[in-house]
């Protein structure tokens, strides 16, 4: 394995009958990196994680996790990885602390070591005051934070998180993402996140990989992927008489690639970095009042949309 690479796959493929869930995946993840595996449900993200953990055997291809082969050295891999599935199962009649004690016992951790470690983890995830409440009384966000503590009991080198923010409210999402960021940046853990919630992943990932129908169609940092598709500028507008907006006239302006109505906003895309003031001047000339204008560069949602549609088109050829 190359220096600094802790996860590596070559030609990794998983076939279920007539369905290819993962198709010739070549992936590397660096030690200490927070990596986002992005794609819709059914894209192959969870299948990939299960193969990396040795819980599902590949149809073909190779995997190395910290130099170990999950197919032949599954127990060795399980000792160094932690996994939080998208639907975490805890015993509802046990308290948060009791659930963690049970996990510590399963991992062969001595009771005295487990006690101090559990106290430390409950504080880390912000559950010290709820530690002795039954888990059935926990909110979704509290369960997710308990899930992080559960993963960290055995101090894993690598952490796999499958849709960790699914179903969380904004505050719960923020708390969980901050926890994940701390694991990666302060503690040096390698974290692989599977998600379809793009804007959340964008905030914490060093790099992302975009999955379409089992294939990895793009990989890199958000800024690198944005450069590859071109530095597109997106202008959001609210104007007077939105229903009579001069779509054709604006679309004919130099540098404009599209004009669309999205919800209650007009969204204009262009490769001209100075398009926003030009639009304002042109609309003022047409006696159109502007109530809101916002200009931004491509974000992960835009990047994903571009790669997703391009990837689907290539796969359907």
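The values are calculated or read from the model by the stated rules, or taken from the named source; none is laboratory data. Please read all numbers here as calculations on a predicted model, not as lab measurements. Every residue, glycine among them, receives a Cβ derived from its backbone with ideal geometry; neighbour counts consider all protein chains shown.
Being under 27 Å from residue 165 (Cα atoms), in contact with a strand residue (DSSP E or B) (Cβ under 9 Å, 6 or more places away or on another chain) and assigned by TED's automatic domain parsing to the domain that holds residue 184 holds for only one residue in 69, 119, 150, and it is 150. Going by the conditions given, is residue 17 farther than 22 Å from residue 151 by Cα and without any contact (Cβ under 8 Å) to a residue 24 or more places away in the chain? Criteria met by residue 17. Any chance region 35-58 includes a residue that's at pLDDT 95 or above, touching a strand residue (DSSP E or B) at 6+ places or on another chain (Cβ under 6 Å), assigned to a strand (DSSP E or B) and in the same structural domain as residue 164 (by TED's automatic domain parsing)? Yes: one or more hits. Return yes when residue 99 is touching a residue at least 40 places away in the same chain (Cβ under 8 Å), surrounded by fewer than 19 Cβ atoms within 10 Å (Cβ to Cβ) and either under 21 Å from residue 6 (Cα atoms) or assigned by TED's automatic domain parsing to the domain that holds residue 30 (or both) and no when it is not. Here the answer is no, as residue 99 does not meet what is asked.
Taking the conditions (1) loosely packed, with under 14 Cβ neighbours inside 10 Å; (2) within 21 Å of the chain's Cα centre (by Cα) in turn, residue 51 satisfies each one other than (1). Residue 78 falls short on exactly one of the conditions (1) surrounded by 21 or more Cβ atoms within 10 Å (Cβ to Cβ); (2) outside any strand (DSSP E or B), and that condition is (1).
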